[in-house]
Amino acid sequence: QRHWGLLLRRWGRPDESMDKLQRAADSFRHAGDALWLAYTLFHQAEVQLVFLNDQQRAMALLNEAQTLFQELNYNRGFADCANGLAEVHRAMGNLANAEEAYIASEAAFKRAGVDGAIVPMANRGLMKLERSQFDEAHALLEEVRDSMVGNQWARLMPFINAGFLEIAAARAEWDSWDTHEDALRISLERTPMAEPDLAAPLERAGDHAQVEGETERA
């Protein structure tokens, strides 16, 4: 049920995703499986934030999940929730709080001894794009790309490529645009998804291209 819910989320079908995730949460709660209950609550929070735009509900789910992870002394889950709370702050426009929470999440991942820190790092790079801080965004996205090993983080590549595309547009580097657009199409063929964080940099890239007279690219 949980994996089914995650697939439906990736395909942009939030109501069906929430139904499957709720069934999974009820089953984990009934079985007394606190770890997977916490992760299911975390995934529900993602759907509430990204697709249903219910920031308060997302925050409540994340706080419940983070409490469970803390009771289990499970640092990786705690770090995931810190990243989720940063995403809520970003959605609410509290960018300073979001950046602080992303950095806290990165630190928690490193304390846990896992490479999951590239997720909040990628999100921080996307936030830098929102603030038109292109040099800082480029450095963060490059670090994320260079930190990827194998196919474990393939789901991040569309976001990275979309970010590079926006940076190329902002700098009017059209050869670079073509390279990143090709890479984006390939990564989306491998990892299809519907995500606002993917649409936003593409929309801004199109706006930059239009201003520069690159109508076909726009």
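The values are calculated or read from the model by the stated rules, or taken from the named source; none is laboratory data. Model, not experiment: these values are computed from the prediction. For neighbour counting, all protein chains shown are included, and Cβ atoms are generated from backbone atoms with ideal geometry for every residue, glycine included. These area figures cover heavy atoms from the full protein model, side chains too; ligands, DNA and RNA do not enter into them. Shrake-Rupley method; radii C 1.70, N 1.55, O 1.52, S 1.80 Å.
Just a few scattered comments:
- The chain - mean residue ellipticity at 222 nm from DSSP helices (-39,500 (n - 2.57) per run, n ≥ 4, rounded to 500): -26000 deg cm²/dmol
- Mean projected area (nm²) of the alpha-carbon convex hull when the stretch 80-218 is viewed from all directions: 8.2 nm²
- Computed Kirkwood radius, in angstrom, where 1/r is averaged over Cα pairs of the stretch 55-148: 13.3 Å
- Neighbours of His89, meaning other residues whose beta-carbon lies under 13 angstrom from its beta-carbon, give a summed charge of -2 when Lys and Arg score +1 and Asp and Glu score -1.
- Per residue solvent-accessible surface (Å²) - the chain, probe of 1.4 Å: 50 Å²
- Within the accessible area of the stretch 1-92 (1.4 Å probe), percent carbon and sulfur: 49 percent
- Candidates Asp146, Asp207, Asp19: whichever shows maximal mean-square fluctuation once the chain is modelled as a Gaussian network with Cα springs under 10 Å: Asp146
- Cα gyration tensor of the stretch 44-105 - equivalent ellipsoid semi-axes, whole Å, descending: 18, 14, 7
- Charge dipole (debye, nearest 20) of the stretch 116-178; +1 at Cβ of Lys and Arg, -1 at Cβ of Asp and Glu: 300 debye
- Projection of the Cα convex hull of the stretch 1-69, averaged over all directions and equal to a quarter of that hull's surface, yields 3.9 nm².
- Under the Debye formula (equal points on every Cα, no solvent term), log10 I(q)/I(0) of the stretch 143-184 at q = 0.13 Å⁻¹: -0.28
- Within the listed set Ala169, Ala60, Ala79, the residue fluctuating most in the Gaussian network model of the chain (springs between alpha-carbon atoms under 10 angstrom) is Ala60.
- For the options Ala98, Ala82, Ala24, a Gaussian network treatment of the chain with springs between C-alpha atoms closer than 10 Å singles out Ala24 as fluctuating the most.
- The charge dipole of the chain, taken about its Cα centre with unit charges on the Cβ of Lys, Arg, Asp and Glu (plus for the first two, minus for the last two), comes to roughly 880 debye.
- About its Cα centre, the dipole of the stretch 79-122 is roughly 60 debye, where the only charges are +1 on Lys and Arg Cβ and -1 on Asp and Glu Cβ.
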